[in-house]
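The values are calculated or read from the model by the stated rules, or taken from the named source; none is laboratory data. Computed from a prediction, not measured in an experiment: that's the story for all the values here. Because the Cβ atoms are built from the backbone with ideal geometry, glycine has one as well, and the counts that use them run over all protein chains shown. We work out accessible area using only protein heavy atoms, side chains counted, and drop any ligands, DNA or RNA first. Shrake-Rupley method; radii C 1.70, N 1.55, O 1.52, S 1.80 Å.
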Amino acid sequence: MYSFIEFELFGFMVSKWKDSGINPSNFFLNLFIDMSNLHRLYTYRPIIRKTIFQLKTIIMKTRITQSKIGRLSYFHKDERVTKTISCIMIMAILNLTISCSYFTVKNVPTTRENISTTVKEFNNSEKYVIIHSKNRSWHLSNTVINEYNQTISGTVVSINSQHQYTKPRESQRVHRYNNLTTNPLNEVHFYLNTSVDYSINNAVSIPLVEIASISVNDKNTGRAIANVALTTVGVFFVVALIVAATKSSCPFVYIKNGENFEFVGELYPGTITPNMQKDDYLQLPHFKSENGEYTLKISNYLKEIQYTDQVQLVLINHEKNLEVLMDSKGQLQTFNNLVSPVNATKDNGSKNLESVIHKDYDYYAFDTALTTENSTRNIVFEFEKPEQAKEAKLYLTAKNSVWLDYIFGKFNEKFGYYYNTFQKEQQQVPNDSIKKWTMNQHIPLSIYKNTKTGWELVERIGTVGPMAMRDLAIPISLDNHEGNMVKIKLETGFMFWEVDYVGMDFSENLDLQPEYINASKALDQNGNDVTALLAKADQNYFAQANIGDEVVISFPTTGPKEGQSQTVILKNRGYYNYIRDYSGIPDFEALKSFKEDNAFTKYAEKSYFEFANFQPNELAYHE
């Protein structure tokens with residue numbers, strides 16, 4: 001028996017024909033010919049040719065004409081013909097569906113956190129890498145990403161037939177493909193910003209800074225979630241390093257554990273003018289001393305000039321069951337009884353507790369698909385409060401998204417050739433003015449507590465960089481609080497932050513004595529001793545002006561006392577300037593609009609949904 005759905009499907013097609021006034025014989029014949037031509041299957045798929053022939057024969061035998069038929073009446077009267085045609089149509093459509101699919105060309109402006117892990121995954125993967133330079137393309141086989149040298153290397157070979165298409169993939173965003181003869185979904189495309197002419201079968205090594213953009217072929221299913229463009233394309237294996245070579249961020253910090261240097265985070269994040277400088281505190285977890293020294297490296301892998309004023313290690317000895325962080329004011333906060341929230345409610349009313357109770361990179365990204373007046377997103381956490389508690393300490397593991405970094409770069413591009421003049425002018429702008437603008441654009445992570453009189457701001461956390469999660473401590477007074485539940489709200493612009501872990505400690509803060517240690521030796525990439533430049537905050541900067549500049553710094557230590565642990569924190573201070581060579585005409589009209597509150601936030605949200613090919617209301621429908 002054929003299903004009612006089959007009958008209704010065919011009936012729907014007939015109704016469309018009836019409305020159009022086209023002869024039914026021509027309608028169905030043209031329908032199948034168009035379908036077969038559309039998918040380029042007519043000339044080599046016998047089942048399609050046979051189906052069209054059978055359908056044409058049935059239609060011609062029944063001699064249906066427009067004058068004899070009312071809407072659907074004929075098909076109710078002659079069930080045999082209806083069932084036969086319905087079956088043929090479904091077989092043909094299924095045949096087309098199984099063999100033909102669509103993919104969407106998507107640029108990739110993002111990454112996840114653990115660079116070393118993602119590099120290893122990429123090097124072990126079977127992605128088909130294609131290199132583009134001007135109008136030429138090659139397959140890069142045996143591809144290896146080298147994190148330390150910041151290169152992608154492999155052997156240049158010709159692109160095989162499974163990855164060649166009749167139309168250039170750059171000519172449009174959506175493409176059809178035959179999944180029986182082509183395999184576009186495992187491709188990663190690298191577009192170089194220089195013109196090269198590679199010889200076939202030659203080994204090459206390409207600096208990551210030479211890669212202008214990356215794109216992938218994402219299966220077009222007609223569905224999406226809020227992070228469709230950022231988490232479904234499956235290329236985090238390499239974007240981390242491309243971003244590291246081309247992004248707008250801060251000096252990278254690596255700690256030496258044994259023979260290797262391990263990436264741990266970024267210095268003075270978001271400090272892009274000297275007037276914005278402040279002390280920054282970066283936790284250095286799992287840092288191991290060797291021969292009575294801690295050794296770390298600060299590197300410039302970016303298109304910017306980095307000015308480091310001071311670095312010190314802060315050493316804190318404490319009991320092993322205690323965790324110690326330093327808050328934004330440089331005060332120690334101790335955690336020995338962290339509790340998880342009992343509830344987490346997103347701004348759209350849905351629950352999202354699982355993503356924030358473990359440090360597992362399954363983070364909350366402030367990406368709900370809803371429309372808000374100022375393009376912000378928030379999430380509210382509830383904690384059970386001990387009866388006598390008068391204070392609490394919020395523990396967050398979070399970072400900025402690469403989307404924020406990317407969209408800030410797109411904003412800068414609007415200055416065109418005027419950008420360098422603008423950046424020079426910005427160096428003299430008071431810090432309060434810059435902080436006010438970032439606050440009005442919802443770039444910080446705002447933390448609120450619920451009191452008797454409503455939500456009260458606790459603190460705004462400034463940017464911490466997009467390349468690694470940071471552990472953050474926020475002391476919270478419980479004065480003016482009532483009830484047995486503490487509610488905390490985190491709010492920021494659309495997709496500006498990612499929160500991996502949230503916890504709270506109601507225990508009394510312990511009085512610990514930090515020890516501040518200056519470097520005993522600091523040598524740059526040329527062997528120059530720059531120790532004195534990093535010893536104190538005196539605006540006598542150690543400058544790293546070129547990609548590849550680095551300094552290796554050693555700090556003396558006696559290690560923790562017996563039976564204790566030692567927390568290591570890097571106190572740092574400095575700023576950085578971007579190096580950009582924009583050549584376009586400044587879009588002063590658009591730039592003027594960014595002076596308005598919420599303008600940058602709305603721009604970021606709108607750009608994301610355009611990037612993902614969805615409008616917010618469409619996205620909400622598909623979730």
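Can you put Leu523, Leu192, Leu394 in order of accessible area, largest first, using a 1.4 Å probe?
Putting Leu523, Leu192, Leu394 in descending order of accessible area: Leu523, Leu192, Leu394.
Given the whole protein assembly as supplied and a 1.4 Å probe, what does the accessible area of Glu491 come to in Å², nearest 10?
Surface open to solvent at Glu491 totals about 40 Å².
Averaged over every viewing direction, what's the projected area of the C-alpha convex hull for the stretch 159-215? Give it in nm², one decimal, please.
5.1 nm²
Ordering Asp309, Asp538 from largest to smallest accessible area (1.4 angstrom probe), what's the sequence?
The ordering from most to least exposed comes out as Asp538, Asp309.
With r defined as the distance between the Cβ atoms of Gln426 and Ser213 and R0 fixed at 22 Å, what FRET efficiency is calculated, to the nearest 0.05?
0.25
Using θ = phi - 60° and the Karplus curve 6.51 cos²θ - 1.76 cosθ + 1.60, what whole-Hz ³J(HN,Hα) does each residue of the stretch 488-496 get, with Gly and Pro shown as x?
10, 10, 9, 9, 7, x, 3, 6, 7
I need the shape label for the stretch 421-461. Rule: rounded when a/c is under 1.5, else prolate if a/b > b/c, else oblate, with a, b, c from the alpha carbon gyration tensor.
prolate
For Ser607 and Asn352, what does the FRET efficiency come to when R0 = 22 Å and r is the distance between their Cβ atoms, rounded to the nearest 0.05?
0.35
Too long at a 32 Å Cα-Cα cut-off: which of Lys288/Lys435; Lys414/Lys436; Lys424/Lys489; Lys435/Lys536; Lys359/Lys487; Lys487/Lys602?
Among Lys288/Lys435; Lys414/Lys436; Lys424/Lys489; Lys435/Lys536; Lys359/Lys487; Lys487/Lys602, the Cα-Cα distance tops 32 Å for Lys288/Lys435; Lys424/Lys489.
Using a Förster distance of 41 Å, how high is the FRET efficiency between Tyr582 and Gln162, based on the Cβ-Cβ distance and rounded to 0.05?
0.60
In the full protein assembly as shown, how much of Lys127 is accessible to a 1.4 Å probe, in Å² to the nearest 10?
70 Å²
Need one number: nm distance between label points at Lys278 and Val204, each 7 Å from Cα along Cα→Cβ, rounded to one decimal.
Each label point is offset 7 Å from its Cα along the Cβ direction, giving 4.6 nm.
Please list 3J(HN,Hα) in residue order for the stretch 556-567, calculated via the Karplus relation 6.51 cos²θ - 1.76 cosθ + 1.60 where θ = phi - 60°; whole Hz, with x for glycine and proline.
x, 7, 9, x, x, 5, 4, x, 10, 10, 10, 8
Tally Lys/Arg at +1 and Asp/Glu at -1 over every other residue whose Cβ is under 13 Å from the Cβ of Asn526; what's the total?
Here the charged neighbours net out to -4.
Can you send over the solvent-accessible area of Thr463, 1.4 Å probe, protein chains only, in Å² to the nearest 10?
40 Å²
Please compute the modelled spin-label separation between Thr181 and Ser565, points set 7 Å along Cα→Cβ, answer in nm with one decimal.
6.1 nm
What GluC sites (Glu not before Pro) in the stretch 367-413 are in a loop by DSSP, with at most 13 other Cβ atoms within 10 Å of the Cβ?
Passing both the DSSP loop test and the Cβ count: Glu373, Glu387.
Kindly write out, for the stretch 464-470 in residue order, the coupling ³J(HN,Hα) from the Karplus curve 6.51 cos²θ - 1.76 cosθ + 1.60 (θ = phi - 60°), rounded to whole Hz, with x marking Gly and Pro.
These are the phi-based 3J(HN,Hα) values: 10, x, x, 8, 7, 5, 10 Hz.
If amide H atoms are built 1.01 Å from N in the plane of the peptide, which residues on other chains or at least 5 residues away come under 5 Å of the amide H of Gly265?
Under 5 Å from the amide H of Gly265 lie the amide H atoms of Val253, each far enough along the sequence or on another chain.
Using a 1.4 Å probe and counting only protein heavy atoms, arrange Trp138, Trp437 so the residue with the most accessible area comes first.
Greatest to least solvent exposure: Trp437, Trp138.
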